[in-house]
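*Asks:* One structure, pasted below without further comment.
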Ligand code: ADP
Ligand code: MG
């Protein structure tokens, strides 16, 4: 199909499916409105390579929009975002617009994987076919190599024995782990999780958080929007509290979660804890 031929093949680094180096995210003065509603209000943030950041905040505070902007799924109105110094999408400087070509945008998006609340697997494909789809079409991997990598990734998320299962034959927790393996198959430098356990039955949350915790130690930069405060406390290097499209507070979990400076953070935590 025409849409696929526009996607450039990304060079395949040697060395299996290990994380690539890098993954520094710089967000500079990013704002975004939907009509009259300002959803991101001059957000600036710098996240180091390999860091693990938890974003918390009420529904509607702009968390998903911020993640989508990092993946250039959302076009921002002002400011810019760079990963390892490479612009994502475009940069609006006052009246001047620097914009990447569509092919470059797609090539750079490979650096940023995303896992959503609702798994979003292809229902007509088995687990392993879900995982190999993007490496073959986007990275241009030979099918045999893509299958070998996919088996490795499914094993990593504890699903070596489910490669041939269809999504409907898997629990929500298993489906979400397939979705994580699929995101990893593009060897992203950055992995974004938008409430990855919110759609799961409580007894399935732990198995998905365990996989994310393992990734947190692997050197991939992680940004996780979550209401799992205990998980944020244990796994994140940094917690960010958002409200009204702004970062109200950020810092190590030991401070932000245990002794927040901002009264709004305290109120939020009192509600979710
Ligand atoms: P959160 O993830 O923190 O719940 P979101 O980033 O999803 O917040 O949304 C922030 C605000 O922007 C909400 O009020 C939401 O309704 C609004 N919003 C999000 N996406 C759109 C859109 N495509 N069109 C209009 N409003 C939107
Ligand atoms: Mg959201």
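*Asks:* Quick check: anything in region 50-66 closer than 13 Å to residue 26 by Cα, in contact with a strand residue (DSSP E or B) (Cβ under 9 Å, 6 or more places away or on another chain) and near ligand 1 (Cβ under 10 Å from one of its atoms)?
*Replies:* Taking every residue of region 50-66 in turn, at least one turns out to be closer than 13 Å to residue 26 by Cα, in contact with a strand residue (DSSP E or B) (Cβ under 9 Å, 6 or more places away or on another chain) and near ligand 1 (Cβ under 10 Å from one of its atoms).
*Asks:* Answer yes or no: is there a residue in region 238-252 that is surrounded by 15 or more Cβ atoms within 10 Å (Cβ to Cβ) and within 25 Å of residue 173 (Cβ to Cβ).
*Replies:* Of region 238-252, the ones surrounded by 15 or more Cβ atoms within 10 Å (Cβ to Cβ) are 238-251.
Okay, now just the ones that are also within 25 Å of residue 173 (Cβ to Cβ), so 239.
Yes: region 238-252 contains one or more residues that are surrounded by 15 or more Cβ atoms within 10 Å (Cβ to Cβ) and within 25 Å of residue 173 (Cβ to Cβ).
*Asks:* Restricting attention to region 214-230, and to residues there that are assigned to a loop (DSSP other than H, G, I, E, B) and without any contact (Cβ under 8 Å) to a residue 60 or more places away in the chain, which single residue is nearest to residue 184 (Cα to Cα)? Working first, answer last.
*Replies:* Keep residues of region 214-230 that are assigned to a loop (DSSP other than H, G, I, E, B), which gives 217-220, 226-228.
Next, from what is left, pick out any that are without any contact (Cβ under 8 Å) to a residue 60 or more places away in the chain: 217, 228.
Numbers: 217: 14, 228: 22 Å.
That would be 217.
*Asks:* Hand me the list of strands (runs of 3 or more DSSP E) wholly inside region 70-158 holding 1 or more residues that are in contact with a strand residue (DSSP E or B) (Cβ under 9 Å, 6 or more places away or on another chain) and under 23 Å from residue 223 (Cα atoms). Before the answer, list the steps.
*Replies:* Working: elements: 78-83, 90-93, 96-99, 112-115.
Because the criterion is at least 1 residues that are in contact with a strand residue (DSSP E or B) (Cβ under 9 Å, 6 or more places away or on another chain) and under 23 Å from residue 223 (Cα atoms), the strands (runs of 3 or more DSSP E) in region 70-158 that meet it are 78-83, 90-93, 112-115.
*Asks:* Kindly list the number of the only condition in (1) farther than 20 Å from residue 248 by Cα; (2) modelled with pLDDT under 95; (3) away from ligand 2 (no atom under 16 Å from the Cβ) that fails for residue 78.
*Replies:* (1)
*Asks:* Could you list, in sequence order, all residues of region 177-198 that are within 13 Å of the chain's Cα centre (by Cα) and part of a helix (DSSP H, G or I)?
*Replies:* 179, 180, 181, 182, 183, 184
*Asks:* Run residue 162 past the list (1) more than 25 Å from residue 126 (Cβ to Cβ); (2) more than 16 Å from ligand 1 (Cβ to nearest atom); (3) surrounded by fewer than 21 Cβ atoms within 10 Å (Cβ to Cβ) and report the number of the one that doesn't hold.
*Replies:* Of everything listed in (1) more than 25 Å from residue 126 (Cβ to Cβ); (2) more than 16 Å from ligand 1 (Cβ to nearest atom); (3) surrounded by fewer than 21 Cβ atoms within 10 Å (Cβ to Cβ), residue 162 misses just condition (1).
*Asks:* Output yes when any residue across region 196-205 is buried (at least 24 other Cβ atoms within 10 Å of the Cβ) and more than 16 Å from ligand 2 (Cβ to nearest atom), and no when none is. Spell out the reasoning first.
*Replies:* The initial filter retains those residues of region 196-205 that are buried (at least 24 other Cβ atoms within 10 Å of the Cβ), namely 196-197.
Keeping just the survivors that are more than 16 Å from ligand 2 (Cβ to nearest atom) gives none.
No - not one qualifying residue is present in region 196-205.
Yes/no matrix, rows are residues, columns are (1) more than 19 Å from residue 21 (Cα to Cα); (2) within 16 Å of ligand 1 (Cβ to nearest atom); (3) in contact with a strand residue (DSSP E or B) (Cβ under 9 Å, 6 or more places away or on another chain); (4) not in a helix (DSSP H, G or I):
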position	(1), (2), (3), (4)
168	yes, no, no, no
173	yes, no, no, no
200	yes, no, no, yes
209	yes, no, no, no
212	no, no, yes, no
232	yes, yes, yes, no
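The values are calculated or read from the model by the stated rules, or taken from the named source; none is laboratory data. What you are looking at is a predicted structure, and each value in this text was computed from that prediction instead of being measured. FYI the Cβ positions are ideal-geometry reconstructions off the backbone, even for glycines, and counts take in every protein chain you see.
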